[in-house]
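Each remark here refers to the structure printed beneath this line.
The values are calculated or read from the model by the stated rules, or taken from the named source; none is laboratory data. What you see is a predicted model; the values in this text were computed from it and never measured. So basically every Cβ, Gly included, is an ideal-geometry build from the backbone, and we count neighbours across all protein chains shown.
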C-alpha cells in the first residue's frame, strides 16, 4: 500500500505535519530523535567494547600448576 508514495507524497506529508504541529514542535522533535540516535550508537559502542574486553580477558595465558610441572622446575 505504501510502496508508491514517491517524492510528491513525502513532501505532502511533510507539509501536513508542519502545519499541524508547527515549526517549533517539529524542530524540537527532530532534536530529540537526534539525541536518541546518539545515545543508541553510544550504547552499541559500549557493548562492543565490553565484549572485546571479555574476549581479551578470556585469552590470557594460563599457568601450568600441575605437580609434574613443579617437579621439572626443581
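Assigned to a helix (DSSP H, G or I), without any contact (Cβ under 8 Å) to a residue 24 or more places away in the chain and at positive phi - does that describe any residue in region 1-19? For region 1-19, residues assigned to a helix (DSSP H, G or I), without any contact (Cβ under 8 Å) to a residue 24 or more places away in the chain and at positive phi: present.
Among the residues making up region 14-29, those that are surrounded by 10 or more Cβ atoms within 10 Å (Cβ to Cβ) and under 30 Å from the mean Cα position of the chain (by Cα) are 14, 17, 18, 21, 25, 26, 27, 28, 29.
Looking at this structure, is residue 11 at pLDDT 80 or above and loosely packed, with under 10 Cβ neighbours inside 10 Å?
Criteria not met by residue 11.
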